Amino acid sequence: MHGPALAGWLLVALCAATGAYCLLRMRSPVVEQRSAAGGEALMGFGMAAMAVPAAVFGPPRWAWLVFGLVFGAAAVRALWAARTDAHHLHHLVGSLAMVYMAVAMAAAPAGGSAHSGHGGPSGVPLITGLLLLYFAGYVLRAGVRLVPVPAPAGAGPAPRPGLALSWGDRAELALACRLSMGIAMFAMLLTM
């Protein structure tokens, strides 16, 4: 991706850490955790690889096509899984965004921006703009869901959620990972 090298390395670290946590979630006894964690781990590691600053490593064009194929297959899997779990629709959008970025990077002239000169009057292509809007909305929604809600007056002591669950099964940690990947996807789309 194009942009400052420090921002690229921070994205690499964030996405790789998120992908590693999602791999740990795949060991969960909770079926819902396992079903989403694999796709999220693939997304995290794929985003980490794609975010490596172009000045450090400029992959050949065929590598971008491999990214497109891998995430195209992930999109098909997410579409199939969305029949039973609506959360996989987000995985579908994320996978299609990765395909879009991979194809744009494969089509970009060497050393140039993926969208130089291809935008509308504002300079931002329509698909990029729509994806930016989607991920901005997703990040805001996920962020609001992480804000603690005070217990109603007179409700007594709040139960301690997560005592019976391991740290890998905590819903708020999974949501925090999704939030961080949404922020990273937004940042990657901005650099296109």
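Among the residues of the range 8-15, are any touching a helix residue (DSSP H, G or I) at 6+ places or on another chain (Cβ under 8 Å), free of Cβ contacts under 8 Å to residues at least 60 places away in the same chain and either within 23 Å of Ala104 (Cβ to Cβ) or buried (at least 16 other Cβ atoms within 10 Å of the Cβ) (or both)?
yes
Quick grid of which residues meet (1) in a loop (DSSP other than H, G, I, E, B); (2) of a type in the set (D, E, K, R); (3) at pLDDT below 90; (4) in contact with a Cys (Cβ under 8 Å, 6 or more places away or on another chain):
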position: Met47; (1), (2), (3), (4): no, no, no, yes
position: Asp85; (1), (2), (3), (4): yes, yes, yes, no
position: Leu92; (1), (2), (3), (4): no, no, no, no
position: Leu133; (1), (2), (3), (4): no, no, no, no
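Confirm whether Ala36 is among the small types (Gly, Ala, Ser) and more than 22 Å from Ile127 (Cβ to Cβ).
The answer is yes for Ala36.
Looking only at the range 38-82, count how many residues are free of Cβ contacts under 8 Å to residues at least 24 places away in the same chain and crowded, with 20+ Cβ neighbours inside 10 Å.
The number of residues fulfilling the criteria is 1.
Is it fair to say Ser35 is over 20 Å from Tyr134 (Cβ atoms), hydroxyl-bearing (Ser, Thr, Tyr) and surrounded by 13 or more Cβ atoms within 10 Å (Cβ to Cβ)?
Values: over 20 Å from Tyr134 (Cβ atoms): yes; hydroxyl-bearing (Ser, Thr, Tyr): yes; surrounded by 13 or more Cβ atoms within 10 Å (Cβ to Cβ): yes.
So Ser35 fits the description; yes.
So that you can scan it fast, the table gives a plain yes or no per residue for (1) modelled with pLDDT of 85 or more; (2) among the β-branched types (Val, Ile, Thr); (3) surrounded by 11 or more Cβ atoms within 10 Å (Cβ to Cβ):
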residue	(1), (2), (3)
Arg141	yes, no, yes
Arg145	yes, no, yes
Pro157	no, no, no
Trp167	no, no, no
Ala171	no, no, yes
Ala174	no, no, yes
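Of all residues being crowded, with 19+ Cβ neighbours inside 10 Å and among the small types (Gly, Ala, Ser) in the range 83-110, which is farthest from Ala63 (Cα to Cα)? Just the residue, please.
Selected residue: Gly94.
The values are calculated or read from the model by the stated rules, or taken from the named source; none is laboratory data. The model shown is predicted, which means the values in this text are computed figures rather than measured ones. Reconstructed Cβ throughout: ideal geometry from the backbone, glycine too, with neighbour counts over all protein chains shown.
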